[in-house]
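Notes to accompany the following structure.
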Amino acid sequence: MPKFQYFSVAVRDLEAGIKRYEAMFGLKQTGEIFEQRWGFRGVMMGTDEGHMLELVSPGESESALKRFMDMRSGEVYPDGEGLYLVGMEVEDIGEAVQRAQDAGATVTLEEESPNSAWVHPLSNGNVFVELNQMSDDEEGDD
């Protein structure tokens, strides 16, 4: 059965987002700011007990994240900010992908990430989902 790993929240300004989540919720940076190969910057936020969410901001002008934020920007989502992605841990990535596809999802697989898959938001009620199978060496890191 899948379990939630983390949530990604899109923000236009990563540093301002970090300050906001620290001030409003008492979260702290639990990881370093990193550059994603998909054209955005991110940082994990959480407590001493671990990660709770990932803040992500567009790092490149043509990233999928920027296009997504621009598309939904409006009165309901000022600057397009808000929930971007739900990360779920699964026991078997192949089985999880097959289940999602059988239910009508459009799923993206990448050779660089054999233990991960992404369910496109347009096939899932506008919620982007990342499926991750933990490798044996990651399971003991909790």
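The values are calculated or read from the model by the stated rules, or taken from the named source; none is laboratory data. All values derive from a computational prediction rather than experimental measurement. Ideal geometry is used to build each Cβ from the backbone, glycine not excepted, and the neighbour counts take in all protein chains shown. Ligands, DNA and RNA are stripped out before the accessible areas are found, and what is left, the full protein with its side chains, is counted by its heavy atoms. Shrake-Rupley method; radii C 1.70, N 1.55, O 1.52, S 1.80 Å.
Observations on the structure shown:
- Beta bridges by DSSP in the chain, antiparallel share as percent, to the nearest 5: 70 percent
- Residues in the chain average 62 Å² of solvent-accessible surface per residue, probe 1.4 Å, ligands and nucleic acids excluded.
- Accessible surface of the range 33-142 [probe 1.4 Å, protein heavy atoms]: carbon and sulfur percent: 47 percent
- Longest site-free stretch - the chain; sites: GluC sites (Glu not before Pro), DSSP loop, at most 11 other Cβ within 10 Å: 1-31
- When 120, 51 are compared by accessible surface with a 1.4 Å probe, the order from highest to lowest is 51, 120.
- Accessible-area order (highest first, 1.4 angstrom probe) of the listed residues 128, 7: 7, 128
- Per-residue ellipticity at 222 nm computed for the chain from its helices equals -7000 deg cm²/dmol, with DSSP H segments shorter than 4 residues left out and the rest contributing -39,500 (n - 2.57).
- Taking other residues whose beta carbon is less than 12 angstrom from the beta carbon of residue 130, and scoring Lys, Arg as +1 and Asp, Glu as -1, yields -3.
- Summary value for the range 30-142: 16 percent relative contact order, contacts being C-alpha pairs under 8 angstrom separated by 6+ residues.
- Of every Cα-Cα pair in the chain, the percent that sits beyond 20 Å: 50 percent
- Spatially proximal lysines relative to residue 28 (Cα-Cα < 19 Å; intrachain offsets below 8 disregarded): 19
- Neighbourhood charge, 14 Å Cβ-Cβ cut-off, centred on residue 99 and excluding it, Lys, Arg +1 and Asp, Glu -1: -4
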